Every structure is written in C-alpha cells, then in structure tokens.
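Inspection log for the structure reproduced underneath, given as structure tokens.
The values are calculated or read from the model by the stated rules, or taken from the named source; none is laboratory data. The structure displayed is predicted, hence computed values, not measured ones. Positions of Cβ are backbone-derived with ideal geometry, glycine not excepted, and every protein chain shown enters the neighbour counts. Only protein heavy atoms, including side chains, enter the accessible area calculation; ligands, DNA and RNA are left aside. Shrake-Rupley method; radii C 1.70, N 1.55, O 1.52, S 1.80 Å.
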Amino acid sequence: MKSIGNQLLISHLEDRVELHLKESICLFQNLHESVLLKPASNGGWSIAQCLEHLNTYSRYYLPVIKKTLINQPQKEGSMVFKSSYLGAYFTQLMEPKENMKKLKAAKNHSPNTNLDAYAVVAEFIEHQEELLNLLKQSVAIDMNAIRIPISITKWIRLKLGDVFQFLIAHNQRHIVQAKRNLYISYNVPVED
C-alpha cells in the first residue's frame, strides 16, 4: 500500500467532500419532492433513497469518529498515512467507475421508500459539513493508530484514514447514482 502525508490526504478528501456539499445544495436541495422520491427508471433507488442510504452510514461513522478524536493527541511535524490492504480494497470497491458492479446494501443500510425527502437532503448536507469538520481535526493525528469498527460487523476494524476514504468514495458512488436519476427525470446532462 502507498503512503501519503496526512496533510495531502486530508486536503484531497476535503476537496471531494466540498464538491459533494456543493452538488447536494445546487442539484438536490431545491428539487420538488416528487423528483426526489421518483424511483429510478431501472427500478433502482430514488434520489432521496440514495441520500438516505448515505445518511445511514454517516449516522454510524460520524459519531464514532467524533468520539475517537476527542482525546487524541495532536502530533508535531508531518504525519504519514498508509492504507491497510482491506481498507484500500473497500475504498476501491466503492470508487465510482464505468460499469460499476452493483452491490447489495446491508439490511441496516437499506433505505425505506416512505421518506421525508427534504429532511433526507438536509440531513445529508449536515453530515457533509460535519465530515469536513472531522477531517480538519484529523490532520495532526496518527490516522494509522486509530481503528474504527465497520458498520456491518464490529469484528473488522479499519484505520481512520481508510474509513474516511471509504466513506467519501461511497458517498461519491451514490451521488453519481442520484445524479443519473436527476438526468433521467429532467433529460438534462449532469456531469459525473
């Protein structure tokens, strides 16, 4: 696995989260509820379901990360992060790409169809703002030493840097899916 400086990794991840935040506000926040709740033409999730799925992950990971960061000592000098094999694998699995393999959502992360679409979008935006804050707090800590249990089984623990990378790649994957639904609803090209 490749090593990367904390500062560079966090900066890259912040850029991605800021883009997710911008897209959520510009593309989804002011959509009519009927568009947000409209199922995908292929039978897939609606825009609101895509974002609610991501909210379920944030509801688990963000409080765990926040609690873990409370007593972490700030280190002097530049820190270096190195992904674990499993962390890099999970992140690569989530990264959006051409002909993405469809993955089945874990039961505790499957969104309902009966959603308050506006509340879902607002919560997603709040989570992105909180994620940015947690990233900023992590620049001067050892992200190799902190292990976070994954949401589907507490037996597997990933390094904090891997959790951040996985979470943000996963967000990107489902934002791409939501944008595809938006494109189909309005027949307007939306960049991936």
Inter-residue pairs, beta-carbon under 9 Å, first modelled with pLDDT under 95 and in region 69-87, second acidic (Asp, Glu), 6+ apart: Gln72/Asp142; Pro73/Asp142; Lys75/Asp142; Met79/Asp142
Can you go through Asn112, Asn133 and tell me which one is surrounded by fewer than 16 Cβ atoms within 10 Å (Cβ to Cβ), of a type outside the set (Lys, Arg) and under 9 Å from Glu52 (Cβ atoms)? Asn112
Open to solvent by less than 50 Å² (accessible area, probe 1.4 Å), within 28 Å of Ile25 (Cβ to Cβ) and modelled with pLDDT under 95, is that true of Glu123? no
Among the residues in region 34-42, are any of a type outside the set (A, V, I, L, M, F, W, C), assigned to a helix (DSSP H, G or I) and at pLDDT 95 or above? no
So Leu19, is it of a type in the set (A, V, I, L, M, F, W, C), part of a helix (DSSP H, G or I), farther than 30 Å from Lys75 by Cβ and modelled with pLDDT of 95 or more: no
